[in-house]
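Computed from the coordinates by the stated procedures, all read-outs in this text should not be read as laboratory data. Computed from a predicted structure; not experimentally measured. As a convention, Cβ positions derive from the backbone with ideal geometry for all residues, glycine included, and neighbour counts pool all protein chains shown.
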Amino acid sequence: MDNSEKIDILSCSFEELESEILSMGEKAFRAKQIYEWLHTRKVNDFAQMSNISAQLKTKLNEKFCIKSLKIKKRLVSKIDNTVKYLYGLPDGESIETVLMEYKHGNSLCVSTQVGCRMGCRFCASTIAGWVRNLLPSEMLLQIYETERDSGRRVDSVVLMGIGEPLDNFDNVIKFLKILNSDGNGMSLRHLSLSTCGQVDKIRELAKLRLAVTLSVSLHAATDEKRSEIMPINRRYPLSELMSACDDYFSITGRRISFEYSLIEGVNDTDESADELIALLRGKNCHINLIPVNEVKERGFKKSRSVERFRARLEKAGLNATVRRTLGADISAACGQLRREFKE
């Protein structure tokens, strides 16, 4: 049996693995041992499981496969120690993962899809379109392989890489639950999920009460402006998005972070700031201002009014900060390395 016909063991929840192990005639405690080898010690071969018998290892190899990612390219910033990986998937596709170093620890930016179908006009990830969703194992492996290669522990995760996480809802939720399970144990309070505004899925996520921090890509504060740069707004206008965000905070108690990429002459004027103030005033939220990443195919330029824009928001009583730019010397923004490799 080749790997395509075997069960992807890293995508199995503990309950699913236990059920499979019991169906093989093994004791339930074996599932816990195997799960710990996979998600605590993070081995990539059944042969490394020293407290598992040779007979069981053979049975596991016959039924399951442990997927892996291949490092196609690794770029290390000389400025701030940021590491950008281009990982190759088993089917020949590739994704990007970025390891960032902060005072509070190491944070990993993880991709959730190969490509993206959201069509945001300033984003490099969506230019070549959507190819497929990533499996839970392929999201977990971005963490495991990065830790193995870098020798650095990942302390927090941001789902802000290639793809729209809520467009791959079921696989992302399963990934989160495995990441938060006893065998792995990362608190979901250390995880942020970024969305362009899929209102129906925001509401589904809220009902799960996973304590995930929600980051909403806003980028404009009127329907007219937002629809021009973010097609999702035509389906879910700002009134519906804000209502879903209010409900998310009410249900989970987790403050929303609004991402706002400042584009020269598009959304960085005093008028745009006042529109943002009117939209968000009184909400328990944080505004993360981001100088837009310049993508050659798009023609958008970084704003020269970032500090003025921030000061105007703060004067109005809104909590706003400018995101620190990391990995500037290695083009660490999403989608650029994958695009270069494909070309």
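Descriptive notes on the structure:
- Each peptide among 82-93, 143-154 gets the average number of other Cβ atoms lying within 10 Å of its residues, and from highest to lowest they stand as 82-93, 143-154.
- Aspartates and glutamates with Cα under 15 Å of Lys84, excluding same-chain neighbours fewer than 8 positions away: Glu96, Glu101, Glu145, Glu147, Asp149, Asp329, Glu340
- Straight-line cross-link reach from Lys78 at under 21 Å between alpha-carbon atoms covers these lysines, not counting any fewer than eight positions away in the same chain: Lys103.
- Shown here: semi-axes √(5λ) of the Cα gyration tensor in Å, derived from the displayed model; of the candidates [x] 34, 28, 19; [y] 38, 22, 18; [z] 33, 24, 19, it corresponds to [y].
- For a straight C-alpha distance cut-off of 16 angstrom, the aspartates and glutamates reachable from Lys59 (same-chain residues fewer than eight places away being disregarded) are Asp2, Glu5, Asp8, Glu18, Glu20, Glu26, Asp45.
- Residue-count net charge about Met139 - beta-carbon cut-off 15 Å; Lys, Arg +1, Asp, Glu -1: -4
- Within a Gaussian network of the chain (alpha carbon springs, distance under 10 Å), most fluctuating of Lys63, Lys103, Lys177: Lys103
- In the chain, Cα pairs under 8 Å separated by at least six residues give a relative contact order of 15 percent.
- Computed about the Cα centre, the dipole magnitude for the chain is approximately 660 debye when only Lys and Arg (+1) and Asp and Glu (-1) carry charge, each at its Cβ.
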